[in-house]
Amino acid sequence: MRFLLVNYNGFRERGVIQEIRKKGVCDIVGDSGECLYMAECTQYDGLILTNNIRGQSALELCPELRVRGVDAPIVYITPFPTSVEKILFLNSGADIYLPSYAPVEEFHAEFMVSLRRVLVAKIDTAVKFKGFCLNLHNRRLYFGEQVVHITKKEYELLEYFAFNIGRIMTSELLLEHVWDLGLETASNTLIVHIRNIRLKFSKYTPEQVIENKRGRGYILTA
């Protein structure tokens, strides 16, 4: 996954932030202006704000990001959580409010719920392509009325393709967004998963469902 971490003057908030940086690709800026620029020109899975930001405060930054059309989940992490502040942030456009000492498992669980809510809102609850139907609610793949048995990671890969149907996705982008360790994951892992998905598809249709655009990446077409 790819995150934008907005934090100036080092990592005062230890704990969950340090663990998040191990969960995927993490760009880091310290200024609110840099945050707005990066969020508009880069496709992030999530934005992580702290109380150490130059320029606008995190509380001011949340609504500004939403006004500019940034719909990725926004997480605010603070060393001094309060109920009053939590309400302010959630009302300003943030999706998750966490203390810096929270376990990373709590962040991951809340983040995945927010991410799926954002993505599902962009498209229909079912994505159809080449006779297949990916149901985003029950997380199953169908060919006609038949259930196509796929692994959890194969589903996550197909889901990301479905959210970007018709777009060429580079190997780097797929690794960043589907695998927790991002580019630290061996590229062969992606190749193997796509090959396995294609083998399963070939049992139902002779059509090429996931196409390989040489030198550019992969594309799922309707």
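The values are calculated or read from the model by the stated rules, or taken from the named source; none is laboratory data. Quick caveat: nothing in here was measured; it's all calculated off a predicted structure. Please note: Cβ atoms are built from the backbone with ideal geometry, for glycine as well, and neighbour counts cover all protein chains shown.
In the set 71, 45, 31, 95, which member is modelled with pLDDT of 90 or more and under 23 Å from residue 163 (Cα atoms)? Walk me through it before giving the result.
Working: 71 fails: modelled with pLDDT of 90 or more; 45 fails: modelled with pLDDT of 90 or more; 31 fails: under 23 Å from residue 163 (Cα atoms).
Every option except 95 fails the conditions.
Wholly within the stretch 58-177, which strands (runs of 3 or more DSSP E) include no fewer than the required count, namely at least 1 residues that are under 22 Å from residue 189 (Cα atoms) and in the same structural domain as residue 43 (by TED's automatic domain parsing)? It would help to see each step written out before you state the result.
Details: elements: 74-78, 96-99, 126-129, 132-135, 140-143, 146-148.
Strands (runs of 3 or more DSSP E) meeting the threshold: none at all.
I'd like to know if the stretch 17-29 contains one or more residues that are in contact with a strand residue (DSSP E or B) (Cβ under 9 Å, 6 or more places away or on another chain) and more than 29 Å from residue 169 (Cβ to Cβ).
no
Sort out which residues of the stretch 195-217 are of a type outside the set (Lys, Arg), farther than 20 Å from residue 142 by Cβ and out of contact with any Ser or Thr (no Cβ under 9 Å at 6 or more places or on another chain), and write them in order of number.
212, 215
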